[in-house]
Amino acid sequence: MIGNWQSVIDKQRMTNLIWLVIALPLAGALFNGIFGRRVGYQVVAKVAPTMVFLAFLIGLGGAFETYARHGKAQLVTLWTWAEIGELNIPISFLVDPLSMTMVLVITGVGFLIHIYATDYMVHHHHGETHPDRDFARFFTFLNLFIASMLVLVLGDNYLMMFIGWELVGACSYLLIGFWHDRGDDPQPAIEIEGGEAVQVAPLLSPAASGMKAFVVNRIGDVGFALGVFLIWTTFGTLQFDQLFSRIASSAEMYRESALHGEFTVISMIALLLFIGAMGKSAQIPLYVWLPDAMAGPTPVSALIHAATMVTAGIYMIVRSNIIYTSAPNVSFLVAMVGALTAFFAATIALVQVDLKRVLAYSTVSQLGYMFMAVGVGAYTAGMFHLVTHAFFKACLFLGAGSVMHALGDVIDIRRMGGLRKKMPHTAMTFYLGGLALAGFPLTAGFFSKDEILAKTFEYSPMLWGIGIVTAGMTAFYTFRAIFLAFEGEPRDQELYDHAHENRLAVTAPLWILAVLAIFGGLLGLPAPLLHGVGIDIPHAMENWLHPVIQQVGHHEVHHLPFITELALFLISGFLGVASIGLAYYFYIVDRSIPQNLARSTHPIFALLVNKYYIDELYNTVFVKPALTLSNTMSRGIDQTLIDGIVDGSAYGIAELGKYLSQLQNGFISRYALATFIGVLFLVGYFFLGGQFPNWIY
Amino acid sequence: MPIEFPVLNFFALSPIIVVIVLALVVMFMDMLSSDKTVLGYLTVFGLFGALMPCVPLLNQTKAPTFQNMVVSDGYAVVFYIIFIVTALLSSLIALTYLENRGMQQGEYYILILLSTSGMMLMAASTDLIVTFLGLEIMSIALYVLAGFNRRSISSGEAGLKYFLLGAFASAFFLYGVAFIYGATGSTNIHEIGGWFSTNEIYQSNPIALVGLALLIIGFAFKVAAVPFHWWTPDVYHGAPTSATAFMAVGAKAAGFAALVRILAISFGGVFTVQWQIAISLLAVITMTSGNIAALAQKDVKRMLAYSSIAHAGYLLVGVAALPASNELYRVQAVSGLLFYLMSYAFMNIGAFAVVALLEKQGKIGTKLSDYTTLSTRQPFVAFVMLLFMFSLTGIPPFIGFWGKWYIFWAAVDANLGWLAAIGMINSAISAFYYLSVVVQMYMHTEQADVETTPIALPAPIAIAVTVTAMFTLLFGLWPTPLINLMSLAVFG
């Protein structure tokens, strides 16, 4: 039996079939795109998740085979797409622990979200079912997104990564603007007892949000594309294996010169690629699109804007770890940007009144954590947090969607309250996901966040300080939202009366994700700490990803002393619990405290509610001048000058064409004469030696 | 004195022999069969048979045969494939086109086959006399094909014009051969090249130079290069559309096949500066005036005739790139040219197939305005026409893009960047008239007085447009196998 298994593994069947992981969702997208409207929504609702599930199974097989060959990377080349001079573009996939981790997260979480969406996109009303008008279109885009994201993570070169990078951006744009006929959504001001109300800016319409996401991402993409070009011109290859081995051979040198204050070409590449990551993964200063992306349907927020696409930047840095290790100066920048983003986004999340925006800012903040991790060189910890975050944040978003679905698309927590009694499954899973996000001891989020904080402490206690304060805020805002939504008295009785628990297609994914959010920590138990108390359980994630992370130099791996590890562990555990307790005191025990606080710190409160006025700032500094400039250009220069030249030359050419066709008058004698003149010229030219002066070249 | 037996390697010429035998079989069947459609199908299947020996020939050592009169090298065999595919596709078009117009006759297919054999001979020939032979076999059959529709005045006019001006061209070519023979004492292209390299003092011999000029003029006629193109619009417009498709691709490819071989082998080391400049200038005026005249056309068939002139110009860019600095670049220029010709065969025959399909007498004509409602009347045909128009413009990811890419790249490698730039500007100009067909088909559908009856799509022409559209798209997405095939085209 064992022998049989071994031979199955030796043949690497699933690894060689890895292209199917992309092809299946793509086929689903094509089927739903072409026939979706004709075959009816029930068929669409079966085809789309099935394709993702089959892809998940193949991914599982590929991951198993990767494990069996001890994480050795395997290239699966399909064909050579084009050979243009020295540029050889093969379509080939890289099957290694890192890509398999991403494949499993994308297809696994993606499958659960697909199942969820089959019910979310249908409205149940008095026993009747009304699927969304564009049910098929939704699943076409959703499957297309899965395929694109898989191209991003499976490609074995930067070009394919870039293609995937652009494709997921396009899918994200299409899905944010899915309800393109909806307008801006005005928000009521936040009333404060005995104080001045704080105005809240209206939510952008889905179409405008999609546009904003696209434009902001374009800024990052320019950086990414320049980075890829720079790699090509510097190293002459975009293939990961060739490129990384070339860099590895002189990584030490690059590292040394970067540490001596030199900005090497590797640093430039790392910086440009990081600009791309800032856009895609919503980091300062390009994070502004992500909160508005919540205008898309909630499964989209869960899948694209929490679990997968926004983590592409993390994946890219972990994939390019040798580049970032060779550029410690840029890595420091990455860690700083990550820490600041984590902190600022968490402060904004403290006061948001829209449940999905709380989660959106929390996503920005958690992505900041991940960047902090990869910035300090803890690539495994970053990936670990990416995976656990995918579990608990997908769970929370789907829970928020479940609430929205029950309340008829209301997402304002000021109108909720007491929903736990009406929606026990949603509330329970939301609690579990919330515990993981808050870093409650022994949940998945606790282990991954703790590992990041420990590694950060090793690197710089200052960054750790920012991280730990953020962790406290995270626990607080998470449970603020939970208590406001699910506990206390209903604040909108009518909404409350209509609320109901959702069907199995919604609650089952919630429960699976909630269980993963609690037990996902088993993937990365804190090995040094356990070792210190005499238990030897390896860090599964670290062992698994070990072949992907390249070491630079021979400096020994030094761990923190056991006592420091333990202290950090206890501090972050205690802080999580204490912050939850604080939230309980604020929002359950004495609700006047937050009101008083808001009143006494009114300017700060208003600043946070308005997200530091960053959107307004960008509008004034970038958007409006750009619009003014483009209006001037289009009227003054384009319409008069350029159009004049273009139209004029088009007219001139058309007139010349008419003249030339008039020469073609049908008389053969005329043709013979014209030909003969041509002959005279050509023969004469050759007879006279057939040379022009050199200036012609 | 030992008697030298001629080396007769019949296998080397087997594709040509199959085509000629096929022509004889069709001729024989023509007497027996009253259903002429059968002859068309026989031609199509027989041409598949002619394609068979091309595969082993591609892998065989390339030896000159028939006393150095012909050679069956990779270059010739790849051209065989281009000609056979062209004949095959245009026979499929003819099956429907001739049937619709009541002129289904066996002679048509015989002429196509004979003309094809002439083209193949031109590609294989290493002797100017054999080249002339091939040229005449091809051309005489084409003259008749152009005038094949006896009931149409314009078809007769086309035949006569083509014949008169074609005879003119043949005379120039023969005159050129005579000059070169006078200068070098040989008609074998290798010996001519060898003579120049051993007699360097004659490398400025005006007699040989004038001979070269006349040769170039002869071929410029056949490939429809300006200012020797005058016959082209009238002949292409007057001839039956199925024959136009065949001529526009086949005759052009044959002209380039012989021209490139002669220039590369006989004149690859001598007069290169002169003929490179001459060919470059021909390319510039051919591209530019072909495109500009095409802009003014209101008739799709005539527009395609002018567009075929423009394409001859792009191909001349590839010829001008032949005297590149190193061997690799030269090989790239040749394979780029062949790639372009193959791609041109797919997209241009496809476009002519659509024209032929719609050109039913009485119902719809070849005018641009007749295409107005095509997207609703026959969505499939409208869609493939869109593919062909995009591809002819050179928009990625269609095959026409790669053709232009390889040719312009070769020009840049040969330090003719300015020529490539003019080529690209011309491609941009061509977008206006190609896309106007698309606009006409898809965007002018709301007029009131247009016909809405669906258009039938008979099987043979449906196969032709489907196959050409498929290749146009498939090799556009994945050009590697085709460029690999073209890179086998090396001189023996």
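Near A:K422, which lysines are there with a Cα under 26 Å away, not counting those fewer than 8 places off in the same chain?
A:K356, A:K393
Between the DSSP loop rule and a limit of at most 12 other Cβ atoms within 10 Å, which trypsin sites (Lys or Arg not before Pro) in region B:144-196 are left?
When the trypsin sites (Lys or Arg not before Pro) of region B:144-196 are filtered for loop state and at most 12 Cβ neighbours within 10 Å, B:R150, B:R151 remain.
Please name the residues of region B:395-417 whose accessible area, counted over protein heavy atoms with a 1.4 angstrom probe, falls by no less than 30 Å² between the chain alone and the full protein assembly.
When all protein chains are present, B:W402, B:W409 each give up 30 Å² or more of accessible surface.
Checking buried surface per residue: for region B:169-210, which residues lose a minimum of 20 Å² accessible area in the protein assembly relative to the chain alone (1.4 Å probe)?
Listed by number, the residues meeting the 20 Å² cut-off are B:F172, B:P206, B:L209, B:V210.
Lysine pairs, Cα distance under 21 Å, 8 or more residues apart or cross-chain: how many in region B:273-492?
Counting lysine pairs in region B:273-492 gives 6.
Pairwise over distinct Cα atoms, reciprocal of the mean inverse distance: report the Kirkwood radius of chain B in Å, one decimal place.
Computed over Cα pairs of chain B, the Kirkwood hydrodynamic radius comes out at 22.5 Å.
Could you tell me the center-to-center distance, by alpha carbons, between region A:634-681 and region A:576-609 in angstrom?
Rounded to whole Å, the Cα centres lie 77 Å apart.
Under the classification rounded if a/c is under 1.5, otherwise prolate if a/b is larger than b/c and oblate if not, where does region A:419-539 fall, given a ≥ b ≥ c as square roots of the Cα gyration tensor eigenvalues?
oblate
By the scheme Lys and Arg +1, Asp and Glu -1, what is the net charge of all other residues having a beta-carbon under 10 Å from that of B:V235?
Every neighbour counted, the sum reads -1.
Residue by residue through A:324-332, how many Cβ atoms from other chains fall within 10 Å of the Cβ on average?
Across A:324-332, the average partner-chain Cβ count within 10 Å equals 0.
With runs of 4+ DSSP H residues as the only contributors, calculate the mean residue ellipticity of chain A at 222 nm using -39,500 (n - 2.57) per run, divided by the residue total and rounded to the nearest 500.
The helix contribution divided over chain A gives -22000 deg cm²/dmol.
Find the relative contact order for chain B and round it to a whole percent, using C-alpha pairs within less than 8 Å whose residues are 6+ positions apart.
Reported as a whole number, the value is 16 percent.
Net charge around A:K422, counting only other residues with Cβ within less than 15 Å of its Cβ (Lys, Arg = +1; Asp, Glu = -1)?
That sum, taken over residues with Cβ under 15 Å, equals -1.
Provide the net charge surrounding A:G313, with neighbours chosen by a C-beta distance below 11 Å and charges set as Lys +1, Arg +1, Asp -1, Glu -1.
Summing Lys/Arg as +1 and Asp/Glu as -1 gives +2.
Taking only the alpha-carbon atoms of region B:273-492, what semi-axes of the equivalent ellipsoid follow from 5 times the gyration tensor eigenvalues under a square root, in whole Å, largest first?
34, 19, 12
Taking the Cα atoms only, what angle lies between the long axis of helix B:399-413 and the longest principal axis of chain B, rounded to 10 degrees?
Roughly 30 degrees, rounded to the nearest 10.
Shape of the protein assembly as shown from its Cα gyration tensor (a ≥ b ≥ c, root eigenvalues): rounded if a/c is under 1.5, otherwise prolate when a/b > b/c, or oblate?
prolate
Pop out the ³J(HN,Hα) list for region A:567-573 in order, Karplus 6.51 cos²θ - 1.76 cosθ + 1.60 with θ = phi - 60°, rounded to Hz; leave Gly and Pro as x.
Rounded to whole hertz, the list is 4, 4, 4, 6, 4, 5, x.
Determine, from the Cβ-Cβ distance of B:M424 and A:Q551 and an R0 of 45 Å, the FRET efficiency 1/(1 + (r/R0)^6), rounded to the nearest 0.05.
0.40
Taking a ≥ b ≥ c as the square roots of the eigenvalues of the Cα gyration tensor of region B:388-492, is the shape rounded (a/c under 1.5), prolate (a/b larger than b/c) or oblate?
The shape class here is oblate.
About the Cα centre of region B:273-492, what is the dipole size in debye to 20, counting +1 per Lys and Arg Cβ and -1 per Asp and Glu Cβ, all else neutral?
For region B:273-492, the charge dipole is close to 180 debye.
Name the longest site-free stretch of chain B, where the excluded sites are GluC sites (Glu not before Pro) in a DSSP loop with no more than 11 other beta-carbon atoms within 10 Å.
Value returned for the longest uninterrupted segment is B:5-445.
Carbon-plus-sulfur fraction of the accessible area of the protein assembly as shown, 1.4 Å probe, in percent?
Summing carbon and sulfur atoms, their accessible area is 69 percent of the total for the protein assembly as shown.
Rounded to whole Å, give me the distance from the Cα center of region B:66-116 to that of region B:342-419.
Cα centres, region B:66-116 to region B:342-419: 21 Å.
Binning at 20 angstrom from zero up to the longest distance, how are the C-alpha pair distances of chain A distributed in percent?
Calculated over all Cα pairs of chain A, the distribution is 17, 47, 25, 8, 3, 0 percent.
What quantity of accessible surface, computed with a 1.4 Å probe and excluding non-protein components, is buried in total between chains B and A, in Å² to the nearest 100?
About 3600 Å² of accessible surface is lost on pairing.
Mean separation of Cα pairs under 8 Å and 6+ residues apart, divided by the residue count of region B:273-492: what relative contact order is that in percent?
29
Distance from the Cα centre of region A:141-218 to that of region B:18-48, in angstrom?
64
If each DSSP helix of 4+ residues adds -39,500 (n - 2.57) and the sum is divided by the residues in chain B, what number results at 222 nm, nearest 500 deg cm²/dmol?
Roughly -24000 deg cm²/dmol at 222 nm, from the helical runs in chain B.
Kindly report the accessible area of the protein assembly as shown per residue (heavy atoms of protein chains, probe 1.4 Å, no ligands, DNA or RNA), in Å².
38
Residues with amide H under 5 Å of B:V70's amide H, sequence separation 5 or more or different chain, H placed in the peptide plane at 1.01 Å from N; which?
Distant-sequence amide H within range of B:V70: B:T65, B:T126.
Given a 1.4 Å probe, show me the residues in region B:122-161 buried by at least 30 Å² of accessible surface when comparing the whole protein assembly to the chain alone.
At a threshold of 30 Å² (probe 1.4 Å), the residues of region B:122-161 that become less exposed are B:K161.
Would you list, by chain and number, the aspartates and glutamates whose Cα falls below 18 Å from the Cα of B:K252, excluding same-chain residues fewer than 8 positions away?
By straight Cα distance, B:K252 reaches B:E136, B:D234.
So how tilted is helix A:2-11 from the main axis of chain A? Cα-based, degrees 0 to 90, rounded to 10.
Around 30 degrees separate the two axes.
Could you name the lysines in cross-link range of A:K624, using Cα to Cα under 27 Å and dropping any fewer than eight places away on the same chain?
A:K212, A:K280, A:K611
Please determine, in degrees from 0 to 90 and to the nearest 10, the orientation of helix B:74-100 with respect to the longest principal axis defined by the Cα atoms of chain B, where the helix direction is its Cα long axis.
Compared with the principal axis, the helix lies near 30 degrees.
The values are calculated or read from the model by the stated rules, or taken from the named source; none is laboratory data. These figures come from a predicted structure and were not determined experimentally. Here Cβ is always computed from backbone atoms with ideal geometry, including for glycine, and neighbour counts include all displayed protein chains. Note: accessible area is taken over every heavy atom of the protein model, side chains too, but ligands, DNA and RNA are not part of it. Shrake-Rupley method; radii C 1.70, N 1.55, O 1.52, S 1.80 Å.
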